[in-house]
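What follows is a single structure, written as structure tokens, with notes after it.
The values are calculated or read from the model by the stated rules, or taken from the named source; none is laboratory data. This is a predicted model, so every value here is computed, not measured. Cβ sites come from the backbone with ideal geometry, for glycine too, and all protein chains shown count toward neighbours.
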Amino acid sequence: DAVDLNGVTIMPGHLDRRAQEAMLDDLRAVAKAAPFRQYETPGGRQMSVRMTAAGARGWVTDRKGYRYAETSFDGSPWPDIPASVLTVWRQVSGVDRDPDSCLVNFYGEGARMGLHQDKDEADLHWPVVSISLGDDALFRVGGVETPTPSKSRWLKSGDVAVIGGAARLAWHGIDRIKFRSSDLLPEGGRVNVTLRMAG
Ligand code: MD3
Ligand code: FE
């Protein structure tokens, strides 16, 4: 059953093992066309998470700033959002328009994502859908005004989260992953897919 964490709705085990494997295959094809990269923040720090994207727009960052780009780093359009991923959005988002942006995050050993707010999207009323694959990750959600106080929960492979309403602007991050806690990725690590309406 669904779990609420400061307004974020988590659906543990939404995807069974077969669906996780099929989605991972689709995401490997995305990463073949648009390879994972370690982006630089505007402040000049390298992120520990590796990223790529699918859809009309992909979130990127470099010294110039955070933004949505219509092309990947080699100048070509991002690959299409896989059908397996769109299916989850249609099941859980509660809206009848498909997302234009699919960010794919890869967490290797030691990768983390500091507390932040997602506000680079043009219209913040649309929900965000997040899908976790692979290793367990300690997810943290704070408030909308301040990062603390916060609540945390381990996200596991196959868990899906829907973020809408007031929680859309909540501070959140990934404290750490439990490397090799899942055998979904033979090489270890965690893949997170976030679906958004960016444009
Ligand atoms: C809560 N990704 O890519 S997904 C991100 O697991 C990001 O890779 C994390 O935060 C990850 O921006 C967390 C769950 C999530 C996504 C968006 C949110 C939680 C959110 C937006 C607002 C509040
Ligand atoms: Fe985020």
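For (1) within 20 Å of Arg190 (Cβ to Cβ); (2) touching a residue at least 40 places away in the same chain (Cβ under 8 Å), each residue gets a yes or a no:
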position: Gly7; (1), (2): no, yes
position: His14; (1), (2): yes, yes
position: Gln20; (1), (2): yes, yes
position: Leu24; (1), (2): yes, yes
position: Gln38; (1), (2): yes, no
position: Pro42; (1), (2): no, no
position: Val49; (1), (2): yes, yes
position: Arg63; (1), (2): no, no
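Mind listing whichever residues of segment 154-166 are surrounded by fewer than 21 Cβ atoms within 10 Å (Cβ to Cβ), within 11 Å of ligand 1 (Cβ to nearest atom) and farther than 15 Å from Leu195 by Cα?
If the condition is that a residue be surrounded by fewer than 21 Cβ atoms within 10 Å (Cβ to Cβ), within 11 Å of ligand 1 (Cβ to nearest atom) and farther than 15 Å from Leu195 by Cα, then Gly165, Ala166 are the ones that fit.
Tell me which residues, restricted to segment 68-86, are surrounded by 14 or more Cβ atoms within 10 Å (Cβ to Cβ) and either touching a Cys at 6+ places or on another chain (Cβ under 6 Å) or modelled with pLDDT of 95 or more (or both).
Selection gives Tyr68, Ala69, Ser72, Pro77, Trp78, Pro79, Asp80, Ile81, Pro82, Ser84, Val85, Leu86.
So, Arg90, is that one at pLDDT 95 or above, away from ligand 2 (no atom under 16 Å from the Cβ) and surrounded by fewer than 21 Cβ atoms within 10 Å (Cβ to Cβ) or not?
yes
State which residue is surrounded by the fewest Cβ atoms within 10 Å (Cβ to Cβ) when the search covers only segment 93-107 and only residues that are touching a strand residue (DSSP E or B) at 6+ places or on another chain (Cβ under 8 Å) and farther than 24 Å from Gly13 by Cβ. Quick ask: steps written out before the conclusion?
Of all residues in segment 93-107, those touching a strand residue (DSSP E or B) at 6+ places or on another chain (Cβ under 8 Å) come to 93-94, 99-107.
Cutting the leftovers down to farther than 24 Å from Gly13 by Cβ gives us 100-101.
Values: Asp100: 20, Ser101: 23.
The selected residue is Asp100.
When you scan segment 116-123, do you find a residue that is away from ligand 1 (no atom under 13 Å from the Cβ) and surrounded by fewer than 19 Cβ atoms within 10 Å (Cβ to Cβ), even just one?
Yes.
For segment 93-121, give me the residue count where each residue is away from ligand 2 (no atom under 16 Å from the Cβ) and of a type in the set (Gly, Ala, Ser). Lay out the reasoning, then the answer.
First, pick out the residues of segment 93-121 that are away from ligand 2 (no atom under 16 Å from the Cβ): 93-98, 100, 108-110.
If we keep only those that are of a type in the set (Gly, Ala, Ser) too, we end up with 93-94, 108, 110.
Adding up the residues that qualify gives 4.
Do we have Asp98 as of a type in the set (Asp, Glu), more than 17 Å from the chain's Cα centre (by Cα), outside any strand (DSSP E or B) and more than 12 Å from ligand 1 (Cβ to nearest atom) here? Walk me through how you get there before you give the answer.
Working: of a type in the set (Asp, Glu): yes; more than 17 Å from the chain's Cα centre (by Cα): no; outside any strand (DSSP E or B): yes; more than 12 Å from ligand 1 (Cβ to nearest atom): yes.
Taking the combined requirement at face value, the residue does not satisfy it.
Every residue, every condition in (1) outside any strand (DSSP E or B); (2) exposed (fewer than 15 other Cβ atoms within 10 Å of the Cβ); (3) of a type in the set (A, V, I, L, M), yes or no:
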| site | (1), (2), (3) |
| --- | --- |
| Asp1 | yes, yes, no |
| His14 | yes, no, no |
| Pro35 | yes, yes, no |
| Gln38 | no, yes, no |
| Pro42 | yes, yes, no |
| Met47 | no, no, yes |
| Arg50 | no, no, no |
| Ala56 | yes, no, yes |
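Does Lys151 meet the test of being closer than 12 Å to Leu5 by Cα, away from ligand 1 (no atom under 11 Å from the Cβ), surrounded by fewer than 17 Cβ atoms within 10 Å (Cβ to Cβ) and of a type outside the set (Phe, Trp, Tyr)?
It is true that Lys151 is closer than 12 Å to Leu5 by Cα, away from ligand 1 (no atom under 11 Å from the Cβ), surrounded by fewer than 17 Cβ atoms within 10 Å (Cβ to Cβ) and of a type outside the set (Phe, Trp, Tyr).
Could you list all residues from segment 127-163 that are within 14 Å of ligand 2 (Cβ to nearest atom) and under 15 Å from Ser93 (Cβ atoms)?
If the condition is that a residue be within 14 Å of ligand 2 (Cβ to nearest atom) and under 15 Å from Ser93 (Cβ atoms), then Pro127, Val128, Val129, Ser130, Ile131, Ala161, Val162, Ile163 are the ones that fit.
Counting only residues that are surrounded by 17 or more Cβ atoms within 10 Å (Cβ to Cβ) and within 16 Å of ligand 2 (Cβ to nearest atom), how many does segment 167-199 have?
Final tally of qualifying residues: 17.
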